[in-house]
1. Mind listing whichever residues of the stretch 443-465 are aliphatic (A, V, I, L, M) and either out of contact with any Ser or Thr (no Cβ under 9 Å at 6 or more places or on another chain) or free of Cβ contacts under 8 Å to residues at least 24 places away in the same chain (or both)?
2. Among LEU275, LEU256, which is the only one that is within 23 Å of GLY116 (Cβ to Cβ), hydrophobic (A, V, I, L, M, F, W, C) and either modelled with pLDDT of 95 or more or open to solvent by less than 50 Å² (accessible area, probe 1.4 Å) (or both)?
3. For the stretch 430-459, enumerate the residues that are in contact with a strand residue (DSSP E or B) (Cβ under 6 Å, 6 or more places away or on another chain) and either more than 15 Å from ASP365 (Cβ to Cβ) or crowded, with 16+ Cβ neighbours inside 10 Å (or both).
4. Just the residues that are within 21 Å of ALA305 (Cβ to Cβ) and open to solvent by 30 Å² or more (accessible area, probe 1.4 Å), please, taken from the stretch 151-178.
5. How about the stretch 91-180: which helices (runs of 4 or more DSSP H) wholly inside it have at least 1 residues that are in contact with a Pro (Cβ under 6 Å, 6 or more places away or on another chain)?
6. Just one of (1) surrounded by fewer than 21 Cβ atoms within 10 Å (Cβ to Cβ); (2) closer than 18 Å to ALA268 by Cα trips up PHE129, so point out which.
7. Looking at LEU123, LEU71, LEU119, which is the one that is surrounded by 19 or more Cβ atoms within 10 Å (Cβ to Cβ), of a type outside the set (Ser, Thr, Tyr), out of contact with any Ser or Thr (no Cβ under 8 Å at 6 or more places or on another chain) and more than 19 Å from SER35 (Cα to Cα)?
8. Out of all the residues in the stretch 191-210, which are part of a helix (DSSP H, G or I), without any contact (Cβ under 8 Å) to a residue 60 or more places away in the chain, open to solvent by less than 40 Å² (accessible area, probe 1.4 Å) and touching a helix residue (DSSP H, G or I) at 6+ places or on another chain (Cβ under 8 Å)?
Amino acid sequence: MTCHITIFGRRLPVWLIPLLSTLALGLWGLSRQHSMWRDEAATWQVAGRSVADIWHMLGHVDAVHGLYYLLMHGLFECFGPSTTTLRLPSVLAMAVAAACVTVIGHRLAGVWAGLGGGLALGLLPAVQFYLQEGRPYALIAAGAGISTLLLVTALQGRGRTVHWAAYWGTVLLCALLNWLSLLMLAAHLGTLFWTRPRRGTWKRWATAATAAVAGALPLILFSRRQSDQVSWIPPLTWHMMIGPAVLLAIGALGALLDRPRAGALSLAAVALPLLAVPQIGLIGLSLIQPLFLDRYVLFSMLGLALLIGAALGAAVRSIRPRSPKASRWLVPVVVAGAVGALLPQLVAKRSPASRVDDVLAVAADVRQLKKSGDAVLFVPAARRDTALVSPDAFAGLRDIALAAGPTASGTLKGEEAGPGRIRSAMLAQQRILLVTDVPEVARPVSAERDKVKAAVLKKYFTAVEDEQVRGRRVTVYERRGA
């Protein structure tokens, strides 16, 4: 089915409008005022390593993101490291996701449902946050859009072997970017139960799904050995379920407006499982091990956008008999109103304050505060990312706690010496710069090394300068009686 819409006398593919709209939103303020937060700093410093060094690291930590790091390494090699190179893949991916939502909505509920859903996706607050994020979640959303479109094609009776092969490859690629994306298979299973396709479609889907899971299984089993890296995620609480509950309520309302029938392929039959099942599935997994982070199921927002499109399409259909001209302006007016209402949020998402910290801002403070011969410490050790992303700012400083660098140790933050050795090294210094979190976001010190750092600074040193900026803090300590 060819999807076109006439604008100012020109026939354009419907999917092109949300694609360009999402692309424009993504390019707007892409550098976020030259800021970078801790998650993106991990991507930056790993992507700058050689393939051999990345492979060495994946054997110790972050194997779940291995494919993404290798992809970003290739882009950094081709285009050079910059915030544009870091974030542009996410912008392009979410634009593709918006185009897929548009095509799915158009096929199942008409042009206005498709156009409304595609435009809505780019405006959703969660999507706005990860639209400009140097992490893999937008890429997975694009994969979810492509795989869902392929499934709809098959359910409409146009699926061929090449479609099922593409479905398998897309799902597997998403799983290799983050294997929790396999929850999309559970969502597609819900659609199949709802629409009751022929036995041949069931068999082809089961074959493709099983092959995708089997392909990702080695990564799943291996990454489970690195589960300590998600040990910081808090246990599931009732207040954490408010957001998913609201989304599901909105989704149910949109499904009612679409008037789905059991056994029929409808927009709700595709969208509601895509919204609800990954959310519920992640909640279920979090009861076993805390894993509930909205970014792990960002792709479920495609289901919400489709349901918003269904509601807009239903509104257009109800108005058209009475006022055909007004019905054509309903979706543009609603989208323009949404942009106006969300404008403060859109601006806020493009400011450094939208993230918990900024590794680049504190590096600038270090550059101004350091003196020749100074030492530097990081609490916790993960705050070393500031030095890894901005090595020039730390030139001349001695990292006295570091025993093996991140690249040599195959880690993200390096390996630090034992508490006794750190204490001795500190007592030999006259000035130490401490890079840490601001009190508002700092977690209680738990590592023995960090407790030693704090104790020695308190007993033998005096803070003489202190700067706090965008979630990070650098304090200059001088030895008493120096």
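1. Matches in the stretch 443-465: VAL445, ALA447, VAL452, ALA454, ALA455, VAL456, ALA463, VAL464.
2. Checking each option against the conditions leaves just LEU275.
3. Once the filter is applied, which keeps residues that are in contact with a strand residue (DSSP E or B) (Cβ under 6 Å, 6 or more places away or on another chain) and either more than 15 Å from ASP365 (Cβ to Cβ) or crowded, with 16+ Cβ neighbours inside 10 Å (or both), the stretch 430-459 yields GLN430, ARG431, ILE432, LEU433, LEU434, VAL435, THR436, ARG449, ASP450, LYS453, LEU457.
4. Residues satisfying the conditions are LEU155, GLN156.
5. Per the criteria, 111-123, 161-177.
6. The number of the failed condition is (2).
7. Among LEU123, LEU71, LEU119, only LEU123 is surrounded by 19 or more Cβ atoms within 10 Å (Cβ to Cβ), of a type outside the set (Ser, Thr, Tyr), out of contact with any Ser or Thr (no Cβ under 8 Å at 6 or more places or on another chain) and more than 19 Å from SER35 (Cα to Cα).
8. LEU192, THR201, TRP205, ALA208, ALA209
The values are calculated or read from the model by the stated rules, or taken from the named source; none is laboratory data. The structure presented is a predicted model; accordingly, all values stated were derived computationally and were not measured. Every residue, glycine among them, receives a Cβ derived from its backbone with ideal geometry; neighbour counts consider all protein chains shown. Just so you know, the surface numbers come from the protein's heavy atoms only, side chains and all, with ligands and any DNA or RNA stripped out. Shrake-Rupley method; radii C 1.70, N 1.55, O 1.52, S 1.80 Å.
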